[in-house]
Ligand code: AMP
């Protein structure tokens, strides 16, 4: 299965990606996670990305595209992959399409998680992230529901002033890729409402109808 998730920040892409990747036994490739782990490790890539991430802006395409191509060239994607947070604009979508076509492994589905903006702001501003495993928790939680780690923090870009900018960037730059995948005939849309297992189930049902 070769698929990607698209949807605004806070739609639950990371959480759903984890469950779907486990269900289909494919690697979960999150560009945001790769950037954050590079930031933490103080690599050159992390330093390049930091200023953009702190402002809620997109890291330049040249940096991001090369990073994704390197990742997709690794052996664990032989049975497929789940991209989360990439592509974030139509230029990235074009680069991805060309790369996958060259490798004769075209994308099979773009799964859109759809959610109203008011719900996003509520979710993101109360989101805390586990420093150990990166899983999200609710504000007020004392330990991570995924790994039981106790170091939960608020991502710089989950602070209210940055959220507004991220939503604007999503509307202006990322939302157009939905039409791109619709015209490719591989768009599937589900509402990102309900419990986590309910949304996962809807996603699996939608994906099971793939030709
Ligand atoms: P995320 O965890 O997906 O919300 O990503 C966090 C931040 O990483 C974004 O706000 C961007 O600054 C950067 N980022 C992640 N994915 C991309 C991408 N595909 N293109 C450019 N920047 C990205």
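No lab work stands behind these numbers, since they all come straight from the coordinates. In this text the structure is predicted, and so the values were computed from the model without any measurement. Backbone-built Cβ (ideal geometry, glycine too); neighbour counts: all protein chains shown.
Length available on full extension from residue 94 to residue 118: 0.36 nm per residue minus the Cα-Cα distance, which gives 5.6 nm. Once you reduce the range 1-46 and the range 135-211 to the center of their Cα atoms, the two points are 10 Å from each other. Applying 0.36 nm per residue to the separation of residue 148 and residue 76 and subtracting their alpha-carbon distance, the gain on full extension is 23.2 nm.
Specify whether the C-alpha gyration tensor of the chain places it in the rounded, prolate or oblate class, a ≥ b ≥ c being the square roots of the eigenvalues: rounded for a/c under 1.5, otherwise prolate if a/b is larger than b/c and oblate if not. Note, shape of the chain comes out rounded.
Which value at 222 nm does the chain reach when only helices count, each DSSP H run of 4 or more adding -39,500 (n - 2.57), with the total divided by all residues and rounded to the nearest 500 deg cm²/dmol? Theoretical 222 nm ellipticity from helices: -14500 deg cm²/dmol. Peptides 56-63, 144-151, 109-116 ranked from most to least packed, by the mean per-residue count of other Cβ atoms within 10 Å: 109-116, 56-63, 144-151.
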